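We did not get these values from a lab; they are worked out from the coordinates using the rules stated. Quick caveat: nothing in here was measured; it's all calculated off a predicted structure. All Cβ positions, glycine included, derive from the backbone under ideal geometry; neighbour counts span all protein chains shown.
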Amino acid sequence: MVAGRADVLLSCSGDPGGDLDDRGFYIPSYPGNSLDSARLVFSTFDPGTYTMILTARKGTYDGPILGSDSATVVMLGAYPQSVATTFTFPSVRVAEGSRVCFILSRRSGTGRVYFSVAPLSGGCTSVIETDGTTPPLDTFRRNGVILVADGQTIRRISDAGGESSPVTTLDASLQEVYAAMFITASPAPVKAALKMQGHDTGPLRLPLVECDETERTAIHDVLARHGLLAGVTTG
C-alpha cells in the first residue's frame, strides 16, 4: 500500500528568453517518488504554433524512458513571449534521489524555440543544463532551467512495518517494470506487455496509438530481465 500527495517538488526561476530547444537538462537528485508534470517556459523569434515533446529518461540521456508527453504552444508577438507550458506524465514512478534527464524535441513549427534558463552563473543547482543531449550527460552548460516539477512524495506502508519487509523488497525490485508501463502517457505499454505475454488484448481505439518499435523493445527488455516472459513463445 502507498500513501502520497501531489506537490510541487521542484521550482527553479530564471530570466525571460532562454536557450535553444536542442539543449538538454537534468535533475541530479530527484526530490520525490513520482513525476506528475513538468512546466517549462518557451519563446521564439518566429511567432506561430509549435508542438513540443518532452521526454524524461532515467539516469542518462540514453537511459530507460520514464515518460513522454507533447504540448501545443502558441507564441504570438515579440520575443520573449515566455509562454508557460505543462507536460503531463501519469505519475511516473521515480526513485527518490535518482537522476532524471529531459530531452526536448519539436514535432511541428518552422522556427527556433527557446526555453527559459537562469543566467550563466548563479542559477538554481537543482537543475543542470547541458550543451546537448549526447549520452551519458553531454557537457555542463549552466546551473538552472526555469522548471516546475510536480509529483508525489510516497511513503510505503508494509505489512511488517519495516523497510526490509517482503512487500517493500518486492516493490523495490519492480520499479523498472512500473516505469516501463508508463513509458508513454497511454494504456499502450500495458497492452503491449500483455501481448508479449501471449494475451490477446485487441487493437487500441483511436485516438490512442500503439507503442513504436523503440518503446516495444524497451518494454520487452524489461519484461525479459524480470523473468516475465518465461514460457512465452512467439509465432
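Can you pull out the GluC sites (Glu not before Pro) in the range 168-235 that DSSP calls coil and that have at most 15 other Cβ atoms within 10 Å?
When the GluC sites (Glu not before Pro) of the range 168-235 are filtered for loop state and at most 15 Cβ neighbours within 10 Å, E210 remain.
Along the positive direction of the dipole of the chain (beta-carbon charges: Lys, Arg +1; Asp, Glu -1; about the Cα centre), which of P207, L35, A84 reaches farthest?
Highest projection toward the positive end goes to P207.
Report, in deg cm²/dmol and to the nearest 500, the calculated mean residue ellipticity at 222 nm for the chain, where each DSSP H run with n ≥ 4 adds -39500 (n - 2.57) and the sum is divided by the residue count.
Dividing the helical sum by the residues of the chain leaves -4500 deg cm²/dmol.
Find which of Y61, A179, G132 sits farthest along the positive direction of the dipole of the chain, computed with +1 on the beta-carbon of Lys and Arg, -1 on that of Asp and Glu, about the Cα centre.
It is A179, whose Cα lies furthest towards the positive end.
Once a ≥ b ≥ c are taken as the square roots of the eigenvalues of the Cα gyration tensor of the range 177-225, is the result rounded (a/c under 1.5), prolate (a/b larger than b/c) or oblate (a/b not larger than b/c)? If you can, show how the numbers build up before the last one.
Values: a/c = 1.90, a/b = 1.31, b/c = 1.45.
It comes out oblate by the Cα gyration axes.
For the range 195-233, which trypsin sites (Lys or Arg not before Pro) are both in a DSSP coil and crowded by at most 15 other Cβ atoms within 10 Å?
R205
With 19 Å as the cut-off, how large is the P(r) tail for the range 27-94, expressed as percent of Cα-Cα pairs? Could the numbers behind the result be given before it?
On the way: 942 of 2278 pairs.
Roughly 41 percent, rounded to a whole number.
Test of the criteria: in the range 25-118, which chymotrypsin sites (Phe, Trp or Tyr not before Pro) are in a DSSP loop and have at most 15 other Cβ atoms within 10 angstrom of their Cβ?
F45
How would the range 2-152 be classified by its alpha-carbon gyration tensor: rounded, prolate or oblate, with rounded meaning a/c under 1.5 and the a/b versus b/c comparison settling the rest?
Numbers: a/c = 1.61, a/b = 1.41, b/c = 1.14.
It is prolate, given that a/c is not under 1.5 and a/b is the larger ratio.
I'd like the distance separating the alpha-carbon centroids of the range 172-207 and the range 39-115, in whole Å.
23
Could you give the size of the charge dipole of the chain about its Cα centre, using +1 on the Cβ of each K and R and -1 on the Cβ of each D and E, expressed in debye and rounded to the nearest 20?
Magnitude of the dipole: close to 160 debye.
So, R0 is 22 Å and r is the distance between the beta-carbons of T60 and T125; what FRET efficiency does that work out to, to 0.05?
E between T60 and T125, to the nearest 0.05, is 0.70.
Which whole DSSP H helices in the chain pass both tests: a Cα extent of 27 Å or more along the axis and a mean Kyte-Doolittle value no lower than -1.0?
none
Please identify, among V127, V117, V74, the residue showing maximal mean-square fluctuation in a Gaussian network model of the chain using a 10 angstrom Cα cutoff.
Maximum among the listed residues: V74.
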